[in-house]
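The values are calculated or read from the model by the stated rules, or taken from the named source; none is laboratory data. Just so we're clear, the structure is a prediction, and the values are computed from it rather than from any experiment. In this analysis, Cβ positions are derived from the backbone assuming ideal geometry, glycine residues included, and neighbour counts consider all displayed protein chains.
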Amino acid sequence: MKLFLDTAHLSDIRTAHEWGILDGVTTNPSLAAREGLEFPELIARICEITPGPVSAEVVAPEVEEMLAQARDLTAIADNVVVKVPMSKEGVTAGARMVDEGMSINVTLVFSAAQAILAARIGATFVSPFLGRVDDAGNDGLGLLHDLVEVYAAQGYDTQVLAASLRHPVHVVEAARIGADCATMPFAVMERLFHHPLTDIGMARFNADWEAYQRALAAGRG
Ligand code: G3P
């Protein structure tokens with residue numbers, strides 16, 4: 001399962017890239033609004049950091065306007081993936097984007113039925129929002145399970161990008177269920193590293209190593 005960051009924050013993207021574990025980035029209008037840069041410049045700077053797919057969302061009510069925005073976005077860099085909302089207009093525009101050779105990510109997906117539509121138009125990614133399903137009192141991981149099962153039964157090529165992940169258990173369960181990719185906030189990615197027994201073990205190894213070096217130095221003296 002590929003690991004994506006769900007952020008537009010440049011220093012966090014750079015840090016995750018330096019960790020060597022970053023496969024791509026997803027953004028959305030809410031995340032972009034926090035960064036204080038014009039959107040095309042923001043996307044260009046993210047694409048300079050990571051060679052992986054960078055999802056940038058179109059925000060327009062009509063098909064032609066979405067298409068125009070998509071053409072502008074894909075001109076920024078080769079690794080831009082156009083995010084389109086799950087709506088009649090988004091799917092219509094998305095199908096035309098695919099015909100024009102663009103990679104698209106169908107976002108705001110909350111049912112397996114919607115995910116079938118994304119696959120049928122040849123989307124590269126489909127993004128079910130697990131955390132928001134949980135927030136509404138339903139089963140986000142259950143949705144992911146349904147979607148992965150339907151895609152496997154049909155042999156669809158569209159990659160399932162588990163989104164709106166809130167904690168490491170979401171990430172592990174998404175991997176277990178068979179998501180192709182998981183996108184998460186920086187804080188969640190950082191939490192994947194941690195385990196208290198690792199910290200205790202490292203402290204003990206370091207202390208033992210220092211004592212060993214001191215004993216050798218004392219022996220030499
Ligand atoms: O970017 C799409 C999705 O991951 C949003 O997550 O946390 O706003 O529900 P969230």
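Worth a mention:
- Among the candidates S55, S87, S30, S11, the residue that is crowded, with 21+ Cβ neighbours inside 10 Å and at pLDDT 95 or above is uniquely S55.
- Filter pass, D72 being over 17 Å from the mean Cα position of the chain (by Cα), farther than 13 Å from T158 by Cα and either touching a residue at least 24 places away in the same chain (Cβ under 8 Å) or within 16 Å of the ligand (Cβ to nearest atom) (or both): yes
- Apart from one condition, A77 fits all of (1) assigned to a helix (DSSP H, G or I); (2) away from the ligand (no atom under 16 Å from the Cβ); (3) touching a helix residue (DSSP H, G or I) at 6+ places or on another chain (Cβ under 8 Å); the exception is (1).
So that you can scan it fast, the table gives a plain yes or no per residue for (1) in contact (Cβ under 8 Å) with a residue 40 or more places away in the chain; (2) closer than 20 Å to V58 by Cα; (3) crowded, with 18+ Cβ neighbours inside 10 Å; (4) within 15 Å of the ligand (Cβ to nearest atom):
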{"site": "I104", "(1), (2), (3), (4)": "no, yes, yes, yes"}
{"site": "S111", "(1), (2), (3), (4)": "no, no, no, no"}
{"site": "S127", "(1), (2), (3), (4)": "yes, yes, yes, yes"}
{"site": "L130", "(1), (2), (3), (4)": "yes, no, yes, yes"}
{"site": "A136", "(1), (2), (3), (4)": "no, no, no, yes"}
{"site": "D139", "(1), (2), (3), (4)": "no, no, no, no"}
{"site": "Y151", "(1), (2), (3), (4)": "no, no, yes, no"}
{"site": "Q154", "(1), (2), (3), (4)": "no, no, no, no"}
{"site": "A163", "(1), (2), (3), (4)": "yes, yes, yes, yes"}
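- Applying the criterion of being in a helix (DSSP H, G or I) and away from the ligand (no atom under 16 Å from the Cβ) to the residues of segment 24-55, the residue that is farthest from R14 (Cα to Cα) is P40.
- With respect to the conditions (1) touching a Lys or Arg at 6+ places or on another chain (Cβ under 6 Å); (2) of a type in the set (S, T, N, Q); (3) farther than 28 Å from E149 by Cβ, N79 lacks only one, and its number is (1).
- Conditions (1) crowded, with 23+ Cβ neighbours inside 10 Å; (2) assigned to a helix (DSSP H, G or I); (3) among the aliphatic types (A, V, I, L, M); number of the one not met by A95: (1)
- Subset tally (residues that are under 16 Å from T107 (Cβ atoms) and either among the aromatic types (F, W, Y) or away from the ligand (no atom under 13 Å from the Cβ) (or both)) for segment 175-192: 1
- Within segment 165-174, considering residues that are within 15 Å of the ligand (Cβ to nearest atom) and buried (at least 18 other Cβ atoms within 10 Å of the Cβ), the one nearest to the chain's Cα centre (by Cα): L165
- Consider segment 1-11 and keep the residues that are within 14 Å of the ligand (Cβ to nearest atom) and not aromatic (F, W, Y). The one that is farthest from E190 (Cα to Cα) is A8.
- Selection within segment 182-193 - buried (at least 23 other Cβ atoms within 10 Å of the Cβ) and in a helix (DSSP H, G or I): M189
- Within the span defined as segment 56-67, one or more residues are in contact with a Lys or Arg (Cβ under 8 Å, 6 or more places away or on another chain) and within 12 Å of the ligand (Cβ to nearest atom).
- Test result for V188, β-branched (V, I, T) and in contact (Cβ under 8 Å) with a residue 12 or more places away in the chain: yes
- So E210, is it part of a helix (DSSP H, G or I) and within 16 Å of the ligand (Cβ to nearest atom): no
- For segment 122-181, the helices (runs of 4 or more DSSP H) that sit wholly inside it and include 1 or more residues that are among the aromatic types (F, W, Y) are 140-154.
- Filtered by the rule that a residue be within 16 Å of the ligand (Cβ to nearest atom), farther than 18 Å from M184 by Cα and not in a loop (DSSP other than H, G, I, E, B), segment 83-92 gives V84, P85, G90.
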